[in-house]
Amino acid sequence: MANFNWTDDGYFITETRDLERIRWVLITTMLLNFLATAVKLAAGIATGALSVVADSLDSLFDGLSNVVGLAGLYAASKPPDAEHPYGHRKFETIAALSIAFLLFLTCWQLFQTAWQRLGDESGPAINIYTIGAMIVAMLIQAVTSVFELREGRRLNSEILVADALHTRASILVSLSVLIGLGFVRLGFPAADPILAMFVALMIAKIGVDILRETIPVLIDRAPIDPHKIAAIVRSVVGVESFHRVRSRGAHGSVAVDLHIRVAPEKTVQEADAIASEVRRRLLEQEGISDVTIHLEAQHDSGDFTEDIFASLKQIADQIGVTIHESWAHRMDDDLFVEAHVGVNPKITLGQAHELVDRLERELRRRHPGIMEVHTHIEMANHQIQEDEPVSKELEAMVWDEIQRVVDGIPEISDPHHVIVRSSPEDGSGYHVSFECTISADTPVYEAHKLADNIENELSLRLEGVIDVLVHLEPPERVLPREE
């Protein structure tokens, strides 16, 4: 059974893996690998069989990978501390990556050796002792691989499973060498290097498989489907909503954190009891060893948004900016606010950002339930600008383009009160504004969309225009223009 412990920093679950047992398995495996190395090396040197010597070096890598595993296990066995609050489990993952590197190195060396021997017409002196030594070494490796893989799966250890796969690859190398030696005795010396190249590719595949298992852990890919976590959290009575469900870590040592919301009238003890139940149910799931829960009060979506907009306008008045448009929306139970903020065009961009930052900070202080505030800075001018007249030719050209665009939109008609003005502060550009009629039954959002389409189309057609403003109104609201 796992032991649950409380610390000053929070709640965690002690790992259930028997680290001493894993260490003992690695030491036993290392000694068996070195024994297989000695048997192959002695046979290779005695007979002059280069492939057997190369195979012994491959077994030597098996033993060295055990040394790497022991070093990684030593680091991984350290308990969580202030600098490593999630423990040291990733050191074991890094050790598994090192084994993958040794696999690729073995593959490369084997391929190089096989390539060099491909054109060699003379083969090694093969005898019954060479073949016997290879068979004995293969049996040692087979026992080692089965033993280590079984213990790795039982103890849920990445390092043992990865090393067992490496040992299994070494058995294939030995088998290819043994088959190659048989063909050499039959008079086909090229069979040995060809088989060795094939096995090199198989070794590379095993290395890739290890990378697929370890790299996601290092980049914190979610090891548990968030929908599975959501189903468990949703089943707890008292949880009003939840969001930001995340998980990280290796299989067998997964850390989960999430935000849950409870009714605001709940006492601290009641809210904590709900969070404890969520934590308990998650820790019952296989592989989860750490759960962090952030408690929040559930907000009422009724008058809450109205309070936000009222606060936004009040804060803007206090710091001397204006709110042109604002929105509030939810996504995954998180509340976001967006606003177009008008600032004095004569201040610098740095000063404008300071004002907008103050607006965002104050809004979030008053309404802690807001996840983020996004603002868009625009110019606000409360002064009367002195415009200059434009030419009759420009007015006529603008009128013709407006008429063409409006004629192409069935819902819009009767463009009128067209104003074309030029401001000295804008250089050679000009501004256009006009009014059109639209059915009084048209929804506001549809009318706004049509107005945006007209403004965008005219901005593309009118050369030199700075901005276009369209005002849509029902036919009965159109008044004759005073002379």
* Structure fact -> Calc'd 3J(HN,Hα), region 156-170, phi into Karplus 6.51 cos²θ - 1.76 cosθ + 1.60 (θ = phi - 60°), Hz, glycine/Pro = x, comes to 6, 10, 4, 5, 5, 5, 5, 5, 5, 5, 5, 5, 4, 4, 5
* Asked: Bin by bin, in steps of 5 Å, what percent of the Cα pairs in region 392-477 do you find, going until the bin that has the longest distance?
  -> 3, 14, 28, 24, 16, 9, 5, 1, 0
* Asked: Once amide H atoms are built 1.01 Å from N in the peptide plane, which residues 5 or more positions from ILE323, or in another chain, come under 5 Å H to H?
  -> GLY342
* Of the listed peptides 149-160, 273-284, 387-398, what is their order by residue-averaged count of other C-beta atoms within 10 Å, with the highest listed first? -> 149-160, 273-284, 387-398
* Given C-alpha coordinates of region 226-296, what is the ratio Rg to Rh with the Kirkwood estimate of Rh? -> 0.96
* Asked: For region 392-477, what is the charge dipole size about the Cα centre, in debye to the nearest 20, if Lys and Arg each add +1 at the Cβ and Asp and Glu each add -1 at the Cβ?
  -> 80 debye
* To do: Please give the contour-minus-distance gain from ARG150 to ALA297: 0.36 nm per residue of separation, less the Cα-Cα distance, rounded to one decimal in nm.
  => 48.1 nm
* **Hull volume in cubic angstrom per residue (convex hull over the Cα atoms of region 304-379)** => 75 Å³
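Every number here is computed from the coordinates shown, using simple stated rules; none is lab data. Note that the structure is predicted; figures quoted are calculated from it, not measured. Reconstructed Cβ throughout: ideal geometry from the backbone, glycine too, with neighbour counts over all protein chains shown.
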